[in-house]
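Notes follow the structure.
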Amino acid sequence: MSLSIDDVARIAKLARIRVDADEASAYQAQLNGILGLIEQMQAVDTAGIEPMSHARDVHQRLRADEVSEPDRRAAFQAVAPMVEDGLYLVPKVIE
Amino acid sequence: MNGARWETVIGLEVHAQLSTRSKIFSGAATAFGAAPNTQACAVDLALPGVLPVLNRGAVERAIRFALAIGARINRINVFDRKNYFYPDLPKGYQISQFALPIVEAGALTIGVDDGEKVIRITRAHLEEDAGKSLHEDYHGMTGIDLNRAGTPLLEIVSEPDMRSAKEAVAYARALHTLVTWIGICDGNMQEGSFRVDANVSVRPVGQREFGTRREIKNLNSFRFLEQAIDYEARWQIERIEDGHAIEQATVLFDPDSGETRMMRSKEEAHDYRYFPDPDLLPVKLDEDWIEQLRSALPELPAQKRARYQADLGLSAYDAGALTASRATAEYFEALLAALPQADAKLAANWVMGDLSAALNKVERDIADSPVAPAALASLLGRVQDGTLSGKLAKQVFEAMWAGEGDADTIIAARGLRQLSDSGAIEALIDEVMAANAKSVEEFRAGKEKAFNALVGQVMKASKGKANPAQVNALLRRKLTGMD
């Protein structure tokens, strides 16, 4: 499997990253390099091996259901670009 | 295609907000109605360097749900990132479960016209809610409140097993009853604690393949769910009969017009690029914990329904109504236990009749009924021992509701004791017969209607207090000369 220039442009758009034309071909080469690596790994016989979903073979620790975070709105909003009525203001988005 | 008979196929995705005190990945509070952003901590805001830590209470509630629907619990389950950009989702992804959800393959039985139907539940997974966008009044800007961001949700996905809007509503109601029953969700639909998405498609009756579906998003009442599905199915049938194909799309229901309208088409559909979240390790569930939760599960609605029919001799309808909520079932059981003589039908009739009518009138929940089960039991005890007729009992109930005291106090204060003294009743009958000679004659000439008129007169003469069964028997004896 390899990615076309159009695939790269689409992935960049989905990730909201601006990529211009010559960058795109450089990324295409890098991404295809990674995919090639994966293809190599896929040649390994993994029959009977349970897949891991994390690089570390340990499990998630759970925390007790307790409220531990105080209200720090004033501190957080002091560094926000725009606030009003306790809300964070962002450029208008309507889907 | 014209004249073909159509079948509607529906699957539901329900987002149940889990009733934890804190958020799924942070220690911020989840209480409803707080001032904007006062319950949004650094993790919820996705400030740099923060890490999610999973809330044990959310996992516990998902396990309880799995046990209640007889589902498989994945002992190892994994959180994934669902990527999309929207300002009320500060991380740029929602933490959800994709390939390995915590709950898979359960079922829920619903009541339908001709009995029961099993609706299969494909999966239920844990995820975090997004924040809220306010599009009005901010000088052309959008206001963002992140209090809801990170609130734990259980997304419950059914198989496309429902065939009408009515069945979809029955399933949604049964699910709502269950999640509130086992205490994992408060079920408050106005506050968005229980939201429904409906996948709807149509196909000619007899066709095996499903039609193309459209998804109706975010229905927050059972009435809207029914209206939206009915409208959507009719719309799809008309489109197909007019020669168009249905295109996969996401639609919104407008309660004002009663119509659905397109939100986004398949081309604009999101590409979420799910992948395991490296910030969270796989979750491993301990057998002892699961067993402990299994043994702590209350008797479930379906089990109670079966028991009410088998052991108490109630009808399927009564058993269904009494298990519509856990509070109703608990009230009924407390009332039945407190009755001097066990009479499930009497208790059921009062809970479903006068009590629920009175509660509905003031929109009050049965759990805070002003007339407690013990108080109602003492009233019904007076019906059982013949002190009160059914009609007088209703009067006493109204007085109890109005706070005039317990049943015996009201009976004494209002002189409502039923008249059961045969001598006194016979005296009344003699008076009424003398004053209504015409009715007496008509009855003797074979007019049964005249009998009812005379009973009415006797009851009136007793100010409603005469024991109706005794009046009937004594009057008939006198009229037919058997006295």
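The values are calculated or read from the model by the stated rules, or taken from the named source; none is laboratory data. Note that this is a predicted model, so its numbers are computed, not measured. Every residue, glycine as well, gets a Cβ built from its backbone with ideal geometry; the counts of neighbours run over all protein chains shown. Heavy atoms of the whole protein, side chains included, go into the accessibility calculation; ligands, DNA and RNA do not. Shrake-Rupley method; radii C 1.70, N 1.55, O 1.52, S 1.80 Å.
The table below lists the values:
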read-out: Residue match in segment A:14-28 (condition: without any contact (Cβ under 8 Å) to a residue 60 or more places away in the chain, away from chain B (no Cβ under 14 Å), surrounded by 10 or more Cβ atoms within 10 Å (Cβ to Cβ) and of a type in the set (S, T, N, Q)); value: yes
read-out: Single unsatisfied condition, A:PRO91 versus (1) within 7 Å of chain B (Cβ to nearest Cβ); (2) open to solvent by 40 Å² or more (accessible area, probe 1.4 Å); (3) touching a residue at least 12 places away in the same chain (Cβ under 8 Å); (4) not hydrophobic (A, V, I, L, M, F, W, C); value: (3)
read-out: Matching residues in segment A:36-87 - criterion: being β-branched (Val, Ile, Thr), within 13 Å of another protein chain (Cβ to nearest Cβ) and open to solvent by less than 90 Å² (accessible area, probe 1.4 Å); value: A:VAL58, A:VAL67, A:VAL83
read-out: Set B:PRO298, B:PRO340: member being assigned to a loop (DSSP other than H, G, I, E, B), open to solvent by less than 60 Å² (accessible area, probe 1.4 Å) and out of contact with any strand residue (DSSP E or B) (no Cβ under 9 Å at 6 or more places or on another chain); value: B:PRO298
read-out: Among (1) in a strand (DSSP E or B); (2) at pLDDT 95 or above; (3) within 14 Å of chain A (Cβ to nearest Cβ), the one test that B:VAL157 misses; value: (3)
read-out: Near pairs, Cβ below 7 angstrom, 6+ apart or cross-chain, from segment A:29-52 (closer than 26 Å to A:ALA9 by Cβ) to any residue that is surrounded by 10 or more Cβ atoms within 10 Å (Cβ to Cβ) and small (Gly, Ala, Ser); value: A:ASN32/A:SER2; A:LEU35/A:SER2
read-out: Test: B:GLY320 is without any contact (Cβ under 8 Å) to a residue 24 or more places away in the chain, assigned to a helix (DSSP H, G or I) and open to solvent by less than 40 Å² (accessible area, probe 1.4 Å); value: no
read-out: Residues of segment B:386-404 satisfying the condition of being surrounded by 16 or more Cβ atoms within 10 Å (Cβ to Cβ), free of Cβ contacts under 8 Å to residues at least 40 places away in the same chain and outside any helix (DSSP H, G or I); value: B:THR387, B:LEU388
read-out: Some residue of segment B:433-447 being assigned to a helix (DSSP H, G or I), in contact (Cβ under 8 Å) with a residue 40 or more places away in the chain and out of contact with any Leu (no Cβ under 6 Å at 6 or more places or on another chain); value: yes
read-out: Any hit, segment B:90-103, residues being free of Cβ contacts under 8 Å to residues at least 12 places away in the same chain and aromatic (Phe, Trp, Tyr); value: no
read-out: Of all residues in segment B:448-473 being in a loop (DSSP other than H, G, I, E, B) and open to solvent by 50 Å² or more (accessible area, probe 1.4 Å), the one that is nearest to B:VAL383 (Cα to Cα); value: B:LYS465
read-out: Residue within segment B:256-274 that is more than 10 Å from every other protein chain (Cβ to nearest Cβ), more than 33 Å from the chain's Cα centre (by Cα) and aromatic (Phe, Trp, Tyr) present; value: yes
read-out: Looking only at segment B:10-39, and only at residues there that are facing chain A (nearest Cβ under 8 Å) and not polar (S, T, N, Q), the one that is surrounded by the fewest Cβ atoms within 10 Å (Cβ to Cβ); value: B:ALA35
read-out: Filter result (among the small types (Gly, Ala, Ser) and surrounded by fewer than 19 Cβ atoms within 10 Å (Cβ to Cβ)) within segment B:70-102; value: B:GLY70, B:GLY92, B:ALA99
